[in-house]
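Just below is one structure, and these are the notes that go with it.
The values are calculated or read from the model by the stated rules, or taken from the named source; none is laboratory data. Remember, predicted model here, so these are calculated numbers, not experimental data. Quick reminder, even Gly has a Cβ in these numbers, built from the backbone with ideal geometry, and neighbours come from all protein chains shown. The accessibility values were calculated without ligands, DNA or RNA, using every heavy atom of the protein model including side chains. Shrake-Rupley method; radii C 1.70, N 1.55, O 1.52, S 1.80 Å.
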Amino acid sequence: MSAGPVIPDFGDPSACVASDATFCADWFTDHWWNLFWPALLQHLELTLIAVVLGFVLAVAAAVLCHFKGWLAAPVSAVTSFLYTVPPLALFQLLVPVTGFSVLTVEIALVLYSIYLLFTTFLTGLREVPGDAVRAARGMGLTRRQILFKVELRLAVPSLIAGLRVATVMTIGIVAIAAYVVDKGLGSLILKALQSPFNTQFIGAGALAVVLALAADGALVLAGRLLTPWARTRRA
Amino acid sequence: MSTEKTPASAQDIVFDHVVKTYPNAASPAVDDLSLTVSAGEICVLLGPSGSGKTTALMMVNRLAEITGGDIRIGGRSITDHDPIELRRSIGYVIQQTGLFPHLTIADNIATVPKVLGWDKRRVKDRVAELLDLVGLPVAEFGRRYPSQLSGGQRQRVGIARALAADPPVMLMDEPFGALDPITRERVQDEFLALHERIRKTVIFVSHDIDEAVKMGDRIAIFREGGKLAQYDTPRTLLKEPADEFVARFVGADRGLKRLTLTRLAELDLTPATSGDAALPAIGADASLRAALSLMVAEGTDAVRVMESGDGGGGGEVGAGGEGGEGPGGAKALGTASLDAVRKAGAA
């Protein structure tokens, strides 16, 4: 992204910009395509990569710990320890190794999302009704069939719940990742912090909130579509 | 696969000095169990909790592995089978049914046929056939989820699912334990009627003596420590309990329980006379116990036995009949006296 005008165009400021108002809608719309939209897409991309990778790793870890119960305590300890490291400190630790790169950002984001996802997924697997699993065993389903046909399917509400929290959290942390890479809505916010002009800062911040709400809504919807049996409970 | 279109014939199940000792357990959960369940019979495993009856059941489909002795189904040891293959050839029904909440009724029933690799057409036909068999038309119930059914309906689906691959043997672990008494009675009757038609060999775990007497062709009573206390028909068990434990377990009212085993229709009735009109009426399908109960309730020493309705329900048609009028203008077959009931019960 070419550095947008942090200080608005002095040549021909609109009335709003000239009066230094808190938020100038005309400036926001004028700069939507060159400033806000690319940042929004980058933000979404960084988030998606982190959540998808975190999801895959967390499902694998949760299934492994579900099968081998003794693994749960150590895996849980490691992931929760990583979760307690503040994002800025983690970036600081990673930069010497992986540089000011997207890789650094994604490593940090995945490590954060994995804790939340792993914890909710493992709980979801453990809360699958014992009757259903026992019936599945008694009917002659293999361990793998029980996992894919019964346990993971019944854990979908937990998977969705974990994804919702992890996605909203990741969208927030991606904003901080602007300290490492010049990408996403955080980058716009970071640059605007040094300027007396607030529209870029407010616009980018609002977009991050909207993105989080939209992602959350999309996951709720996906959850409904994937769990038709849960909708009919009170029917 | 190997499953034929024709119904699989029932097979006998032989427990041959079976022992189950769980790791780190001081004493065995099942101790030297030997009994034979004849093909097509319902055998109820009855006993207090911790007496090993459920363990005994779970060893048949190798959910618990035997640690001594052998179990043979149709002459073949269960240890000769791969456990997965073995389980797919045995119907399994548990308390609360264990239906999969995320699958429709049709998909629940189709589970085993699908893993057996049946083609779609055959699976669909089988599901419709089974739902019809348990009285839940596929058009109405097939696409519902278990949470949309009543407890009794769920239990019927559980039974249909267990029958899906037409297994010669069914294992039922307190299948009706979670149902309210009225629903349980109805589902029990339905299952008995169903069993008349399908004639599978059934092992049925229960802790309820009344259920055992009603459902079982034979009852195996277990005592603590996984020991078989007695294995007999309900009639013999109630008449001649082997020891103090069995006598206590079947209850002080075992005489009354025996009366439930005989229907009024089986008695030699006294021919009806005009003076009988005042006697309380009861259907011929009712048990001697129901007749006795009616006599006690009405303060009479005989009941008027009416021809039972069109064979559908059976039971105590006279219970609700105020006064002496027979229900629905049914024909009186004769009368049964207190003395006749008592003598028949003692036989």
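Descriptive notes on the structure:
- Per residue value of the accessible surface for the protein assembly as shown (all protein chains in place, 1.4 Å probe), Å²: 47
- Pairwise centroid distance, computed over Cα atoms, of the stretch B:120-190 with the stretch A:32-95, Å: 45
- Counting only protein heavy atoms and a probe of 1.4 Å, the accessible surface of the stretch A:72-163 is 70% carbon and sulfur.
- Of all accessible heavy-atom area on chain B, the percent that carbon and sulfur account for (1.4 Å): 49
- Test item: Cα-centred dipole of the protein assembly as shown, Lys/Arg +1 and Asp/Glu -1 on Cβ, debye: 940
- Unit charges at the beta carbon, dipole of chain A: most positive-side option, A:Phe100, A:Ile49, A:Val59: A:Val59
- Projected label points at A:Gln194 and A:Gln92, each 7 Å from Cα along the beta carbon direction, are separated by 2.0 nanometres.
- Counted over all Cα-Cα pairs of the protein assembly as shown, pairs farther apart than 37 Å make up 54 percent.
- Relative contact order (%) - the stretch A:117-200, alpha-carbon pairs under 8 angstrom, separation at least six: 27
- Chain A: most fluctuating residue of A:Thr22, A:Thr47, A:Thr120 per GNM, C-alpha cutoff 10 Å: A:Thr22
- Evaluated with a Cβ-only charge set (Lys, Arg +1; Asp, Glu -1), chain A carries a dipole of roughly 1780 debye about its Cα centre, given to the nearest 20.
- For chain B, the relative contact order comes to 18 percent (Cα pairs under 8 Å, sequence separation of at least 6).
- Rounded if a/c under 1.5, otherwise prolate or oblate - chain A, Cα gyration tensor axes: prolate
- Each of B:Cys43, B:Thr262, B:Ala344 was scored by the projection of its Cα onto the charge dipole of chain B, and the greatest displacement toward the positive side belongs to B:Cys43; charges sit on the C-beta of Lys, Arg, Asp and Glu.
- Kyte-Doolittle at least -1.0, axis length at least 24 Å by Cα - qualifying DSSP helices, chain B: B:181-198
- Cysteine residues of the protein assembly as shown whose Cβ has no partner cysteine Cβ closer than 4.7 Å: A:Cys65, B:Cys43.
- Here r is the Cβ-Cβ distance between B:Ser9 and A:Phe67 and R0 is 45 Å; the resulting FRET efficiency, rounded to 0.05, is 0.70.
- DSSP-defined antiparallel bridges as percent of all bridges, the protein assembly as shown, nearest 5: 50
- Buried surface between chains A and B: roughly 2100 Å² of accessible area, summed over both sides, computed with a 1.4 Å probe on protein heavy atoms only.
- Relative contact order [Cα under 8 Å, 6+ residues apart], the stretch A:180-235, whole percent: 24
- Between A:Val78 and B:Arg121, the modelled labels are 5.3 nm apart [label points 7 Å from Cα along Cα→Cβ].
- Modelled spin labels at B:Lys114 and B:Lys239, positioned 7 Å past Cα toward Cβ, are 5.1 nm from each other.
- Remark: mean inter-chain Cβ contacts per residue of B:95-105 equal 6, using a 10 Å Cβ-Cβ cutoff to other protein chain atoms.
- Gyration tensor (alpha-carbon) shape descriptor, chain B, a/c threshold 1.5: oblate
- Net charge dipole size for the stretch B:14-164 [Lys, Arg +1 and Asp, Glu -1 on Cβ; Debye, nearest 20]: 660
- Options B:Gly135, B:Tyr22, B:His102, ranked by Cα towards positive dipole end of chain B, top entry (Cβ charges): B:His102
- Reduction of at least 10 Å² in accessible surface, 1.4 Å probe, comparing all protein chains with the chain by itself, residues of the stretch B:138-158: B:Tyr145, B:Ser147, B:Gln148
- Ratio of Rg to Rh for the stretch A:168-214: 0.97 [Cα atoms; Kirkwood radius as inverse mean 1/r over pairs].
- Most mobile of A:Trp27, A:Trp70, A:Trp37 in a GNM of chain A (Cα contacts under 10 Å): A:Trp70
- The GNM of chain B, with springs linking C-alpha atoms under 10 angstrom apart, assigns the highest mean-square fluctuation among B:Asp82, B:Asp132, B:Asp189 to B:Asp82.
- Using distinct alpha-carbon pairs, which all enter the 1/r mean, Kirkwood radius of the stretch A:1-133 in Å: 18.4
- Annotation: extensible slack from B:Glu224 through B:Arg143 equals 24.7 nm (criterion: 0.36 nm per residue apart, minus Cα-Cα distance).
- Prolate/oblate/rounded label for the stretch B:118-245 (Cα gyration tensor, a/c 1.5): prolate
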